[in-house]
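One structure below.
The values are calculated or read from the model by the stated rules, or taken from the named source; none is laboratory data. All values derive from a computational prediction rather than experimental measurement. All Cβ positions, even for glycine, are placed from backbone atoms using ideal geometry, and neighbour counts span all protein chains on display. Heavy atoms of the whole protein, side chains included, go into the accessibility calculation; ligands, DNA and RNA do not. Shrake-Rupley method; radii C 1.70, N 1.55, O 1.52, S 1.80 Å.
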Amino acid sequence: MKRLLAVIKVKGIQFIITTSFTLVTVLVMLFVGVMLYGKFAQTAEQNAYLHTQQILEQVKYNLDSYLNGMTQIFELVDDKIRRSKGLTADKLSEQLETIVETRKDIVSIAVFTRDGTLLSTTPTKVLRRNTRLTEQSWFQKAIEDPTNLSFSLPHIQNLFKGEYTWVVSMSREILFHGPDGEIPAVLLVDVNFKEIDDLCQRVGLGKKGYVYIIDLVGNIVYHPQQQLIYAGLKNENRSLPLKHSYGSYVEETQDEARLITIKTIDQLGWKIIGVSYMDEIVTTKKEISGFIIWLLIFVVVIVLFVLHYLSAKISRPIKLLERSMEKVEQGDFSESEPIRGSHEVEQLSLRFQLMVAKVRELMYQIIREQEAKRKSELEVLQAQIHPHFLYNTLNSVVRMVGIGKNEDVITTITSLSKLFRISLSRGKNIITVQEELEHVRHYLIIQKMRYKQKFEYEIVAEDEVLDCLTLKLLLQPIVENAIYHGIEHLADPGRIRIFAALIDGKVLLQVSDNGLGMPPDVLERVKAGCYKSKEGSGVGIQNVQERIRLTFGEQYGLEIESEQEEGTVVRIWIPRQIAEERERL
């Protein structure tokens with residue numbers, strides 16, 4: 001029966017592991033799928049925007065390059081005419097014919113007077129009648145703004161008899177040499193629009209997208225469906241492109257949404273407008289979503305098979321580990337054999353055994369520390385009634401009685417009684433800072449009597465530190481060392497200063513003297529706890545350090561600074577604890 005229950009329990013653990021891992025995996029995969037879809041969709045959309053902008057930037061660059069080339073041709077023709085002695089000069093005609101022959105996209109070069117009379121044309125052509133030349137836009141712009149080169153909208157070249165080519169006219173007022181000096185005229189260079197048309201027709205924005213060009217006022221310069229535009233069968237919303245020079249925006253219509261991207265040709269102010277259809281971008285999103293869904297299904301199926309195998313392999317060693325933990329819970333910290341299984345379970349078992357060994361070691365360490373603490377407290381109690389110190393004090397009292405210093409006798413006896421009263425403290429090891437300062441003050445009074453005014457002392461304490469708690473007999477051993485090792489051998493009177501304050505949330509008790517100080521090697525031995533004094537109370541610096549750390553922790557204790565012939569400073573750091581916390585200590 002127990003065997004059956006164990007099998008059922010193991011199967012239950014296996015089922016829980018499989019179900020939990022499957023649920024977590026599905027949730028994680030769904031989350032990852034959603035994040036991937038969002039990221040890929042956003043990236044696809046951004047790439048579409050960037051691709052459109054790059055294509056339009058290339059179109060803009062090509063048109064700028066082409067128009068700059070045409071502008072240079074115009075300036076070259078202007079320069080040739082200006083340098084020539086007359087429009088009928090043979091050399092000028094040869095030069096203009098050479099320019100037209102080398103540039104197949106130049107339809108004609110013509111010069112007109114300000115009243116519309118034809119002065120020269122290359123190649124030679126016959127001017128048609130009733131052309132209303134002076135009313136045409138390119139001629140009027142040249143007269144109205146003689147300093148700037150103007151470009152016309154695409155139109156049929158109808159000035160001369162013969163071919164009727166679709167052209168863009170460049171025009172500007174120029175000066176040429178005549179019989180009576182320089183004469184103003186209008187230079188016209190007609191460029192075949194087919195070159196611009198070819199540049200734009202090679203651009204593709206998806207399957208349905210296209211590019212068109214408008215001028216500064218919204219007139220269409222180029223459109224792939226220009227015939228439909230002129231016939232009124234197709235219309236473009238040119239209001240927004242006229243307001244912006246650069247950028248992209250989505251245009252919502254009744255039929256579909258379109259991505260509109262705008263670039264501006266700086267030289268002319270013409271605007272290149274790219275039209276991409278959002279449904280083509282959405283199609284990319286649908287392809288991404290379909291791929292991610294099938295990927296998720298495939299991964300979940302694979303994970304189910306893998307988890308079923310892993311859960312069966314993991315559940316049994318986990319159960320063995322659980323039994324080991326139950327033994328520890330019952331107080332059995334004995335060593336157990338390592339559990340075999342997957343790498344993770346073996347590592348977990350190893351860590352658990354290390355933890356048990358560490359707990360066992362800590363238990364023994366606590367026992368040793370408690371024993372050391374009790375021993376330290378016993379040493380303190382023994383030091384409270386130091387026979388040698390008591391003998392010397394009473395001997396000093398006898399001498400003072402013999403020479404009639406009754407007031408000094410009263411002061412010494414009073415301080416001695418108060419010293420022992422505070423030392424005993426009703427058996428308590430924790431007293432207030434005020435009591436500790438009072439204890440060391442009476443100790444200094446007695447020592448000052450003994451050493452016949454060989455030193456002066458000062459005790460300074462901030463009010464907020466007086467009610468804080470401290471260990472008993474921290475200051476007296478430090479002061480005793482200052483007297484015996486620092487001041488006793490001075491030729492001049494010494495000085496001892498005791499200071500107590502709160503600094504950064506901790507209690508500082510500081511003892512400083514102007515005694516002989518310590519050599520560097522002795523100072524290092526004192527800090528390391530290796531120096532043993534042959535004099536003093538027996539409650540030395542190392543004892544004080546151990547008592548503080550056993551009670552308050554390793555982060556507290558003593559700091560010692562000393563310099564020969566300058567003196568010594570000992571700082572005692574303990575935590576800030578008020579009188580109400582006495583019971584917990």
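Might you check whether a residue that is touching a strand residue (DSSP E or B) at 6+ places or on another chain (Cβ under 6 Å), buried (at least 20 other Cβ atoms within 10 Å of the Cβ), aromatic (Phe, Trp, Tyr) and under 23 Å from SER562 (Cα atoms) occurs anywhere in region 437-455? Yes, there is a match, as at least one residue in region 437-455 is touching a strand residue (DSSP E or B) at 6+ places or on another chain (Cβ under 6 Å), buried (at least 20 other Cβ atoms within 10 Å of the Cβ), aromatic (Phe, Trp, Tyr) and under 23 Å from SER562 (Cα atoms). Output the number of residues of region 67-87 satisfying the condition of being hydroxyl-bearing (Ser, Thr, Tyr) and farther than 28 Å from LYS271 by Cβ. Of the residues in that region, 1 qualify. If you take the residues in region 76-105 that are in a helix (DSSP H, G or I) and touching a residue at least 60 places away in the same chain (Cβ under 8 Å), which one is farthest from VAL203 (Cα to Cα)? It comes out as ARG82.
Of the numbered criteria (1) open to solvent by 60 Å² or more (accessible area, probe 1.4 Å); (2) part of a strand (DSSP E or B), the one LYS418 fails is (2). For region 159-181, name all the residues that are under 14 Å from PHE193 (Cα atoms) and surrounded by 14 or more Cβ atoms within 10 Å (Cβ to Cβ). Across region 159-181, the qualifying residues are THR165, TRP166, VAL167, VAL168, SER169, MET170. The residues in region 124-142 that are open to solvent by 50 Å² or more (accessible area, probe 1.4 Å) and in contact (Cβ under 8 Å) with a residue 12 or more places away in the chain can be counted, and the count is 7. Name the single residue, out of those in region 334-363 being among the basic types (Lys, Arg) and within 14 Å of LEU321 (Cβ to Cβ), that is modelled with the lowest pLDDT. So, considering only residues that are among the basic types (Lys, Arg) and within 14 Å of LEU321 (Cβ to Cβ), the one modelled with the lowest pLDDT is ARG340. Applying the criterion of being charged (D, E, K, R) and more than 21 Å from GLU97 (Cα to Cα) to the residues of region 54-78, the residue that is most open to solvent (accessible area, probe 1.4 Å) is GLU57. Annotation: GLU480 fulfils all but one of (1) out of contact with any helix residue (DSSP H, G or I) (no Cβ under 6 Å at 6 or more places or on another chain); (2) among the acidic types (Asp, Glu); (3) modelled with pLDDT of 90 or more; the unmet one is (3). Test GLN42 against the criterion of being assigned to a helix (DSSP H, G or I), free of Cβ contacts under 8 Å to residues at least 24 places away in the same chain, within 21 Å of LYS194 (Cβ to Cβ) and of a type outside the set (Val, Ile, Thr), and give yes or no. It is false that GLN42 is assigned to a helix (DSSP H, G or I), free of Cβ contacts under 8 Å to residues at least 24 places away in the same chain, within 21 Å of LYS194 (Cβ to Cβ) and of a type outside the set (Val, Ile, Thr). Would a scan of region 249-258 turn up a residue that is hydroxyl-bearing (Ser, Thr, Tyr), part of a loop (DSSP other than H, G, I, E, B) and over 14 Å from ILE220 (Cα atoms)? Checked against the condition, which is being hydroxyl-bearing (Ser, Thr, Tyr), part of a loop (DSSP other than H, G, I, E, B) and over 14 Å from ILE220 (Cα atoms), region 249-258 yields at least one hit.
Okay, residues lined up against (1) surrounded by 15 or more Cβ atoms within 10 Å (Cβ to Cβ); (2) within 30 Å of VAL24 (Cβ to Cβ):
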residue	(1), (2)
LEU205	yes, no
HIS223	yes, no
GLN226	yes, no
TYR230	no, no
GLU252	no, no
ARG258	yes, no
ILE292	yes, yes
VAL299	yes, yes
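One residue stands out among those in region 481-497 that are open to solvent by less than 10 Å² (accessible area, probe 1.4 Å) and assigned to a helix (DSSP H, G or I): the one that is nearest to VAL544 (Cα to Cα), which is ALA482. Can you find a residue that is surrounded by 15 or more Cβ atoms within 10 Å (Cβ to Cβ), touching a residue at least 12 places away in the same chain (Cβ under 8 Å) and closer than 22 Å to GLN54 by Cβ anywhere in region 236-249? Yes: one or more hits.
A search for C-beta distances below 7 Å between a residue of region 502-525 that is farther than 20 Å from GLN476 by Cβ and at pLDDT 90 or above and any residue that is open to solvent by less than 50 Å² (accessible area, probe 1.4 Å) and assigned to a helix (DSSP H, G or I), counting only pairs 6+ apart in sequence or on different chains, returns LEU502/VAL465.
Summed over region 1-53, the residues that are within 25 Å of ILE318 (Cα to Cα), open to solvent by less than 90 Å² (accessible area, probe 1.4 Å), aliphatic (A, V, I, L, M) and at pLDDT 65 or above give a count of 3. Residues in region 548-580 that are open to solvent by 60 Å² or more (accessible area, probe 1.4 Å), of a type in the set (Lys, Arg) and touching a residue at least 12 places away in the same chain (Cβ under 8 Å): ARG576 alone. Across region 439-469, the qualifying residues are those that are assigned to a loop (DSSP other than H, G, I, E, B) and among the acidic types (Asp, Glu), and the one among them that is nearest to ILE487 (Cα to Cα) is GLU462. Within the set LEU216, LEU199, the sole residue that is open to solvent by 10 Å² or more (accessible area, probe 1.4 Å), within 48 Å of the chain's Cα centre (by Cα) and free of Cβ contacts under 8 Å to residues at least 60 places away in the same chain turns out to be LEU216.
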